[in-house]
Amino acid sequence: MKIKTKRYYLYYLAAISGFIIAILPLRLGLYLANLAGGIVFAVAGKERKEALNNLRSSFPEKSDSEIEEIAKKVFSNLCKNAVELINTYKLNRKNLDRWIKTEDLEKAERALSKGNGIIILASHFGNWELLSFCFTLRNHATSVIARRIYFDKYEHFINRVRRSKGVKVIYRDESPRKILKALKNNEVLGILADQDIDSVDGVFVDFFGKPAYTPKAPVALAFASGAPLVPAFVVREGNSRRLVIGDEINLVEKSNKEETIKFNTQRWSRIVESFIRKYPEQWVWMHRRWKTKPDGR
């Protein structure tokens, strides 16, 4: 009960802060978010400890001061994401290119021209929520696979923002037919698959030198639907953002289904890891990415 009450207090505090942020210029809001990130880093003991431990084990060559600086920027990045999400009511087709610089959009267009839809392989990197808007605001029907958030007020907020930009939400526990139908209609389908979620089918692949339990869904969906699998990231560069679309991942069939899924999951995981290594401050290091162990623990 105490936890539930605390959530409501935090929600209403965030709602009041959000109202103030929404009327400020975006640049000023991002400046305040950077300061807020330092405060959150200082007070969020459990999350700070997890982020620092994960960063140390993933970047053993970096000093403690470097690791701490990256971790602070991780929290600042999340605060900036929140500020941008609050300000998306200002985002539209006309100013999209000012909000997000675009690279290699023709890669996605070329993949869509095949007529089987396209699976955008996203990750909790940069500002991932803005990624789907890059497609809907260019008139591409877009759905995202999401997990239910069991705090209804935040659930309603995030989905209201998504739907205001034309993004459709498909929950992870809904029928797979709904997902396959979206791809059959040649839609863009966004999926976040870079976290350890023990409630979904997964395989262990190498991620930063350690076995990480990783969802099978992206590769399984690509084989089932014929939809191209394309990695994409919204990279933060100071107060600006850049959409980077990778090359289509040409799937390789191995001797059996499990080996095929594991092999191709490892390939896309390497791509995600390469971006995180380049911009370590833009990934969610407080997530327990290696909590599930190969021995079943």
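Values in this text are rule-based calculations from the coordinates and carry no lab data. What you see is a predicted model; the values in this text were computed from it and never measured. Reconstructed Cβ throughout: ideal geometry from the backbone, glycine too, with neighbour counts over all protein chains shown.
Quick notes
- Separation of alpha-carbon centers, the range 193-216 and the range 99-116, rounded to whole Å: 27
- Basic side chains Lys and Arg get +1 at the Cβ, acidic Asp and Glu get -1 at the Cβ, and with that the dipole of the range 71-155 about its Cα centre reaches some 160 debye.
- Beta bridges by DSSP in the chain, antiparallel share as percent, to the nearest 5: 40
- Restricting the range 210-297 to GluC sites (Glu not before Pro) in coil, as DSSP defines it, with at most 14 other Cβ within 10 Å: GLU253
- Partners of LYS94 within straight-line reach, counting lysines whose Cα lies under 18 Å from its Cα and excluding those fewer than 8 residues away in the same chain: LYS165.
- Loop sites in the range 223-271: trypsin sites (Lys or Arg not before Pro), DSSP, at most 11 other Cβ within 10 Å: none
- Ratio Rg/Rh [Cα only; Rh per Kirkwood] for the range 2-282: 0.95
- The chain: DSSP helices with Cα axial extent of at least 30 Å and average Kyte-Doolittle hydropathy no lower than -0.5: 2-23, 64-86
- Listed pairs LYS49/LYS291; LYS46/LYS291; LYS210/LYS254; LYS178/LYS216 exceeding 20 Å between Cα atoms: LYS210/LYS254
- Per residue, the convex hull volume that the Cα atoms of the range 146-297 enclose (Å³): 149
- A convex hull fitted around the alpha carbon atoms of the range 92-156 yields 123 Å³ per residue.
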